[in-house]
Amino acid sequence: MTINMRNVALFALVGVLFIITGFLQSWNVMLTILNMGLISAILALGVNMQWGYAGLFNIGIMGFVALGGLAAVLVSMPPVHDAWAAGGLQIILGLVLGALTITAAVLFWKRAPAGTLRGLGVTAILIVGFFLFRSVFDPGVAAVEAVNSASTGYLGGLGLPILLAWPAGGLLAAGVAWLIGKTALGLRSDYLAIATLGIAEIIIAVLKNEDWLSRGVKNVVSLPRPVPYEVDLQRSEAFVSRVTGWGFDPVAASGITVKLAYAGLFLVVLLLLVWLAEMALRSPWGRMMRAIRDNEVAAAAMGKNVTKRHLQIFVIGCAVCGIAGAMMTTLDSQLTPGTYQPLRFTFLIWVMVIVGGSGNNWGAVLGGFLVWWLWVMVEPIGLWLMGALTSGLPDGALRTHLLDSAAHMRLLTMGLVLLLVLRFSPRGLIPER
Amino acid sequence: MDFLNALVVFANFVLVPATAYGAQLALGALGVTLIFGILRFSNFAHGDTMAFGTMITILVTWALQAAGVTFGPLPTALLALPVAVGVTALLLLGTDRMVYRFYRKVRAAPVILVMVSLGVMFVMNALVRFGIGVNEYRFDDGARFVVDARTFREMTGLAEGLAIRSTQVITLVTAVIVVAALFWFLKRTRTGKSMRAFSDNEDLALLSGINPERVVAVTWIITAALATTAGVLYGLDKSFKAFTYFQLLLPIFASAIVGGLGSPIGAIAGGFIIAFSEITVTYAFKRVVTYVVPENPAPEGLMQLLSTDYKFAVSFTILIIVLLFKPTGLFKGQQS
């Protein structure tokens, strides 16, 4: 790998931005931004695989991030035994019936001779199956949600270490991505965009409404953590004596230690993924991907199965987003379906990829850090700017309105950045080699 | 009698609202389909264009109301609508000039244009938030009902009432007028014919001397009118909230694709298909069933196929089914 001085300088510049934040605000704030920046970089890496390698337009990233979050709950929370006893098996049975119905319908469609009868048969299977599913599933859900609904009211998870949730989140996202890709890939390029936009909304709706699964909008809080708690550190004699020996305040130092531990974990995942992505991109497989992206017809003529390769990369990219989603829920140690906004979890990631440089893994990572930093900082800067601009105005409705709307500066900035980069520098900060 | 009662309940909660909603979706989908036919990309900024047009309408409505101008029994917003269409058309023409025209010149791939439209969506969304904020607003005034439930009960002597809100009637009447005008324009006028020619075969249209920039400009103006009207009708019928308009994108796209992207008739059919399925599937049929099967004790549960929160899932499922079995849509839209 040749080291490009310009790229190093760009990364150094972003590093300086973070260090300035540390000095001006506090190291705690800086580490909070950095941790989310690491996760954003991983998300951008996943989207870059889809867009940069293969030209697939996925605007349902939010859904896959949320699936990762769901995996964190399902893996790490302790199981609720009463709920399982009340209706857990019934819910599982209902879901199995639902899956069987769909499989039966698909098999029937494939086996039966074409004609009106086939359509009617599939419809009949689906309708009967749906009512069967509801009749088994609904009582189970009611029973589970009735179990101590103020604190549990859901099935709980497997009670395993939360680090296992990261790969699990990837697998869950990959499964859903496979279903979407199977239907929408191979059609017009915008159909994938519309299908992913839809599935993301549906995943969020499921998370908000299926209380038996993850408590819906009642949220699952205090997930187990892979790193020590601040209070435990403050109680530990060894820790307190060591940091006071170095001249730090134990309370502030415990917060920073925990955040550094998270940052270390995230950095390992990020570096591993970047390494894998770089290896893949340089391999014959990566060249084939780019060949398909640049000219699908020519690649197909060379005997490459375009749709299959697209499905492959789509699933892989979504899996990376799922991993990042599980990591984010681990960092927050809570799953709050109400906070998933397409702006923050889908379109912001796109801005990161485009600004950083689509097709280049390091570019995506850089974009992740830089744009996340901007996203956090635009609001205070916008507020300050608006305050300065309106300082000449008399205090009144107009000035209040303008000051209030500074909060929406983020949207405008992100939209303008996206448009300007697409127009004047479509290859991004670190262009594809 | 019980059967009539069941029918009235069904009409009141499914038929009438779905017809109004279908008309709103159809107008929205027409805009998407026109842009797709002429400019050949899926415009993700359409939902926010609707929101922008509605915002202007609301602001003008407030100004009119403050000046003491009303429209008698009709909502004042209808007076403000032409102004809002004009402002939205200016915004869209400006966007085209500053953003889209460049990509047309370099003949960018459709997916790039889709991404650009995302950027435009951001900016428009920000404009709406700057202008009116993120809160929910109701801006319907004038007469509330054409037929209210109580009058209906007294007139017919039935146990159930049928309420038809004036906004629902206005929606339908306006939609019919707009669609009729649009089809007249596309079929009869010279500009409309050149638009259809351009949509069918761009190169051939260029060869026969059609000015592409003029066609594109007219398309944006019509889209502005359609989007603003759709947005205002939806807002009058329900309420205005910026985020809801973004979420309308999915049913609108589903309508346009189900009908066949690029086909105006298809967009209208698709709008009604999506609206009726969405409302039928999420409606609790308990009361209808109680009337039809009076002997049995009332059925347990709400007899609801899907909870209302899953209404996106309905548009999405229909979309997926159409993509699987008939990717060109019911009315044979364009494939690429």
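The values are calculated or read from the model by the stated rules, or taken from the named source; none is laboratory data. Since we're looking at a predicted model, the values are computed, not measured. For neighbour counting, all protein chains shown are included, and Cβ atoms are generated from backbone atoms with ideal geometry for every residue, glycine included. For the accessible areas, the whole protein counts, side chains as well, though only heavy atoms, and no ligand, DNA or RNA atoms are used. Shrake-Rupley method; radii C 1.70, N 1.55, O 1.52, S 1.80 Å.
Only one entry in B:Arg165, B:Arg138, B:Arg129 is closer than 30 Å to A:His408 by Cβ, more than 14 Å from every other protein chain (Cβ to nearest Cβ), open to solvent by 20 Å² or more (accessible area, probe 1.4 Å) and touching a helix residue (DSSP H, G or I) at 6+ places or on another chain (Cβ under 9 Å), namely B:Arg138.
Of the candidates B:Phe152, B:Phe145, the single residue that is away from chain A (no Cβ under 14 Å), among the aromatic types (Phe, Trp, Tyr) and buried (at least 17 other Cβ atoms within 10 Å of the Cβ) is B:Phe152. Within the stretch A:1-11, not a single residue is open to solvent by less than 10 Å² (accessible area, probe 1.4 Å) and assigned to a helix (DSSP H, G or I). Yes or no: the stretch A:207-214 includes at least one residue that is facing another protein chain (nearest Cβ under 9 Å), surrounded by fewer than 22 Cβ atoms within 10 Å (Cβ to Cβ), of a type outside the set (A, V, I, L, M) and not in a loop (DSSP other than H, G, I, E, B). The answer is yes; a qualifying residue exists.
Conditions (1) buried (at least 16 other Cβ atoms within 10 Å of the Cβ); (2) part of a helix (DSSP H, G or I); (3) within 11 Å of chain B (Cβ to nearest Cβ), marked per residue:
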{"residue": "A:Ile127", "(1), (2), (3)": "no, yes, yes"}
{"residue": "A:Leu132", "(1), (2), (3)": "no, yes, no"}
{"residue": "A:Val136", "(1), (2), (3)": "yes, yes, no"}
{"residue": "A:Pro139", "(1), (2), (3)": "no, yes, yes"}
{"residue": "A:Gly159", "(1), (2), (3)": "no, no, no"}
{"residue": "A:Ala165", "(1), (2), (3)": "yes, yes, no"}
{"residue": "A:Ala173", "(1), (2), (3)": "yes, yes, no"}
{"residue": "A:Ala200", "(1), (2), (3)": "yes, yes, yes"}
{"residue": "A:Ala205", "(1), (2), (3)": "yes, yes, yes"}
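Within the stretch A:107-125, count every residue that is assigned to a loop (DSSP other than H, G, I, E, B) and within 12 Å of chain B (Cβ to nearest Cβ).
The qualifying residues number 1.
For the stretch B:191-211, a tally of residues being over 27 Å from the mean Cα position of the chain (by Cα) and assigned to a helix (DSSP H, G or I) returns 6.
Might you let me know whether the stretch A:345-360 holds any residue that is of a type outside the set (S, T, N, Q) and not in a helix (DSSP H, G or I)?
Yes: the stretch A:345-360 contains one or more residues that are of a type outside the set (S, T, N, Q) and not in a helix (DSSP H, G or I).
Which of the residues belonging to the stretch A:60-89 are open to solvent by less than 10 Å² (accessible area, probe 1.4 Å), closer than 25 Å to A:Ala177 by Cα and either assigned to a loop (DSSP other than H, G, I, E, B) or of a type outside the set (S, T, N, Q) (or both)? Answer for the stretch A:60-89, where residues must be open to solvent by less than 10 Å² (accessible area, probe 1.4 Å), closer than 25 Å to A:Ala177 by Cα and either assigned to a loop (DSSP other than H, G, I, E, B) or of a type outside the set (S, T, N, Q) (or both): A:Gly60, A:Ile61, A:Met62, A:Gly63, A:Phe64, A:Val65, A:Ala66, A:Gly68, A:Gly69, A:Ala71, A:Ala72, A:Val73. Within the stretch A:323-344, being under 28 Å from B:Val116 (Cβ atoms) and part of a helix (DSSP H, G or I) holds for A:Ala324, A:Gly325, A:Pro342, A:Leu343, A:Arg344. Note on the stretch B:45-160: enclosed helices (runs of 4 or more DSSP H) holding 3 or more residues that are within 21 Å of the chain's Cα centre (by Cα) and among the hydroxyl-bearing types (Ser, Thr, Tyr) are B:46-66.
Report yes if some residue within the stretch A:231-250 is open to solvent by less than 40 Å² (accessible area, probe 1.4 Å) and within 23 Å of A:Arg344 (Cβ to Cβ); otherwise report no. No, every residue in the stretch A:231-250 fails to be open to solvent by less than 40 Å² (accessible area, probe 1.4 Å) and within 23 Å of A:Arg344 (Cβ to Cβ).
Of the residues making up the stretch A:350-366, those that are open to solvent by 10 Å² or more (accessible area, probe 1.4 Å) and within 14 Å of chain B (Cβ to nearest Cβ) are A:Val355, A:Ser358. Exactly one residue out of B:Ala227, B:Ala197 is farther than 17 Å from B:Arg101 by Cα, among the aliphatic types (A, V, I, L, M) and surrounded by fewer than 18 Cβ atoms within 10 Å (Cβ to Cβ): that is B:Ala197.
The residue of the stretch A:387-411 that is farthest from A:Val351 (Cα to Cα), among those that are open to solvent by 40 Å² or more (accessible area, probe 1.4 Å) and facing another protein chain (nearest Cβ under 9 Å), is A:His401.
One residue alone among B:Val111, B:Val83 is under 20 Å from A:Pro342 (Cβ atoms) and touching a Ser or Thr at 6+ places or on another chain (Cβ under 9 Å), and that residue is B:Val111. Would you check if there is a residue in the stretch B:80-96 being surrounded by 19 or more Cβ atoms within 10 Å (Cβ to Cβ), free of Cβ contacts under 8 Å to residues at least 24 places away in the same chain, under 23 Å from A:Leu412 (Cα atoms) and within 13 Å of another protein chain (Cβ to nearest Cβ)? Among the residues of the stretch B:80-96, not one is surrounded by 19 or more Cβ atoms within 10 Å (Cβ to Cβ), free of Cβ contacts under 8 Å to residues at least 24 places away in the same chain, under 23 Å from A:Leu412 (Cα atoms) and within 13 Å of another protein chain (Cβ to nearest Cβ), which makes the answer no.
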